[in-house]
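Step one of this worksheet: look at the structure below.
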Amino acid sequence: MTGRGNQASIDSARRRGDATLAGHAGDEPAARSFLGDPDPEVRATALGALVRMGRATPEDAAAGIGDPDPRARRRACELGAALPGADFASLLGDHDSAIVEAACYAVGEVRDALAVPALVRIASTHTDALCRESAVAALGAIGDPVGLPAVLVGLKDRPQVRRRAVIALAAFESPQSTAALRQCLSDRDWQVRQAAEDLLGVTTGDD
């Protein structure tokens, strides 16, 4: 059993290598031949190969986004704006937190304003801090005023979320965001304080 398992791993690694080479060589038929591979990592590599050569289609994007394996779905999100016609927002409700985090990154990169309500929900209520952090960053990238309250909520979260939130405030020009930045000058985390200083153009003298 172990021997067969090892051989299957070796065969999958070989196919991933072939899919990668197809991307570098611009061999679209070869890359496409791996899109239906039984190994999700091979399918993900094939999708990346098509993106590399600029031959990925919206249909390819839909297949990657809808892949039954989370590894393939995450890879599709990681391709971001390079993957044409991808509905990354559809994955913001995924049951896998790693997918939600990656989808937040992707919708932020493509600046999908229709995703703002879902991002607000994730930033405000998701149990995974990495998802909240990624959602806050996406709200900053999109810059829709509707997202500001959720970014302000992020300023009361864990340090890594607060760091994202203070940077996200740069996208919102309002008295409320400026006041929030001033409050960040006294944050417990020095990186939050430093970011606020940089955005406000002030120096507090703290180390």
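The values are calculated or read from the model by the stated rules, or taken from the named source; none is laboratory data. What you are looking at is a predicted structure, and each value in this text was computed from that prediction instead of being measured. Positions of Cβ are backbone-derived with ideal geometry, glycine not excepted, and every protein chain shown enters the neighbour counts.
Here are some residues: G54, G66, G85. Which one is modelled with pLDDT under 95 and over 22 Å from S9 (Cβ atoms)? Spell out the reasoning first.
Working: G54 fails: modelled with pLDDT under 95; G66 fails: modelled with pLDDT under 95.
Selected residue: G85, the only one of G54, G66, G85 that is modelled with pLDDT under 95 and over 22 Å from S9 (Cβ atoms).
So, R158, is that one at pLDDT 95 or above, crowded, with 24+ Cβ neighbours inside 10 Å, over 10 Å from the mean Cα position of the chain (by Cα) and closer than 25 Å to A179 by Cβ or not?
Values: at pLDDT 95 or above: yes; crowded, with 24+ Cβ neighbours inside 10 Å: no; over 10 Å from the mean Cα position of the chain (by Cα): yes; closer than 25 Å to A179 by Cβ: yes.
In short, no.
The rows are residues; the columns are (1) of a type in the set (A, V, I, L, M); (2) under 30 Å from Q176 (Cα atoms).
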position: A76; (1), (2): yes, no
position: L83; (1), (2): yes, no
position: G93; (1), (2): no, yes
position: A98; (1), (2): yes, no
position: A103; (1), (2): yes, yes
position: L130; (1), (2): yes, yes
position: S134; (1), (2): no, yes
position: I142; (1), (2): yes, yes
position: V146; (1), (2): yes, yes
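Quick one: F88 ticks every box in (1) surrounded by fewer than 16 Cβ atoms within 10 Å (Cβ to Cβ); (2) within 30 Å of V136 (Cβ to Cβ) except a single one, so which number is it?
Only one criterion is unmet by F88, namely (1).
Which one of the conditions (1) without any contact (Cβ under 8 Å) to a residue 24 or more places away in the chain; (2) within 14 Å of the chain's Cα centre (by Cα) does H95 fail to meet, given that it meets all the rest?
(2)
Please state which of the following conditions A46 fails to meet, knowing it meets all the rest: (1) closer than 28 Å to R132 by Cβ; (2) crowded, with 22+ Cβ neighbours inside 10 Å.
Just one mismatch for A46, condition (1).
Within region 190-197, identify whether any single residue is farther than 18 Å from A150 by Cα, assigned by TED's automatic domain parsing to the domain that holds G140 and either part of a loop (DSSP other than H, G, I, E, B) or among the polar types (S, T, N, Q) (or both), and answer yes or no.
The answer is yes; a qualifying residue exists.
Modelled with pLDDT of 95 or more and surrounded by fewer than 16 Cβ atoms within 10 Å (Cβ to Cβ): is that true of R111 in this structure? Explain how you work it out, then say what you get.
Details: modelled with pLDDT of 95 or more: yes; surrounded by fewer than 16 Cβ atoms within 10 Å (Cβ to Cβ): yes.
Answer is yes for this residue.
Considering only residues of region 1-32 that are free of Cβ contacts under 8 Å to residues at least 12 places away in the same chain and polar (S, T, N, Q), which is nearest to A82 (Cα to Cα)?
Once the filter is applied, the top-ranked residue is S9.
Would you point out which residue out of A82, A137 is without any contact (Cβ under 8 Å) to a residue 60 or more places away in the chain, of a type outside the set (F, W, Y) and outside the structural domain of F34 (by TED's automatic domain parsing)? Reasoning before the result, please.
Numbers: A82 fails: outside the structural domain of F34 (by TED's automatic domain parsing).
A137 is the lone residue from the list that is without any contact (Cβ under 8 Å) to a residue 60 or more places away in the chain, of a type outside the set (F, W, Y) and outside the structural domain of F34 (by TED's automatic domain parsing).
Please list, ordered by first then second residue, the pairs with beta carbon atoms under 7 Å, 6 or more apart or interchain, first in region 63-76 and over 14 Å from G48 (Cα atoms) and in contact (Cβ under 8 Å) with a residue 24 or more places away in the chain, second small (G, A, S) and surrounded by fewer than 16 Cβ atoms within 10 Å (Cβ to Cβ).
Listed by first residue and then by second, the contacts come to nothing, as the list is empty.
Which helices (runs of 4 or more DSSP H) does region 49-124 wholly contain that include 3 or more residues that are farther than 27 Å from A150 by Cβ and touching a Gly at 6+ places or on another chain (Cβ under 9 Å)? Walk me through it before giving the result.
Working: elements: 58-65, 70-79, 97-109.
Counting at least 3 such residues, we get 58-65.
Looking only at region 9-30, filter to residues that are surrounded by 16 or more Cβ atoms within 10 Å (Cβ to Cβ) and touching an Asp or Glu at 6+ places or on another chain (Cβ under 9 Å); which one of those is modelled with the lowest pLDDT? Spell out how you get there, then give the answer.
Taking region 9-30 first, the residues surrounded by 16 or more Cβ atoms within 10 Å (Cβ to Cβ) are 12, 15-16, 18-20, 22-23, 27-28, 30.
Remaining after also requiring touching an Asp or Glu at 6+ places or on another chain (Cβ under 9 Å): 12, 15-16, 19, 22, 30.
Numbers: S12: 92, R15: 96, R16: 95, A19: 97, A22: 97, A30: 97.
Per the stated criteria, the residue is S12.
Would you call L79 in contact with a helix residue (DSSP H, G or I) (Cβ under 7 Å, 6 or more places away or on another chain) and either modelled with pLDDT under 95 or aliphatic (A, V, I, L, M) (or both)?
Details: in contact with a helix residue (DSSP H, G or I) (Cβ under 7 Å, 6 or more places away or on another chain): yes; either modelled with pLDDT under 95 or aliphatic (A, V, I, L, M) (or both): yes.
Spelling it out, L79 is indeed in contact with a helix residue (DSSP H, G or I) (Cβ under 7 Å, 6 or more places away or on another chain) and either modelled with pLDDT under 95 or aliphatic (A, V, I, L, M) (or both).
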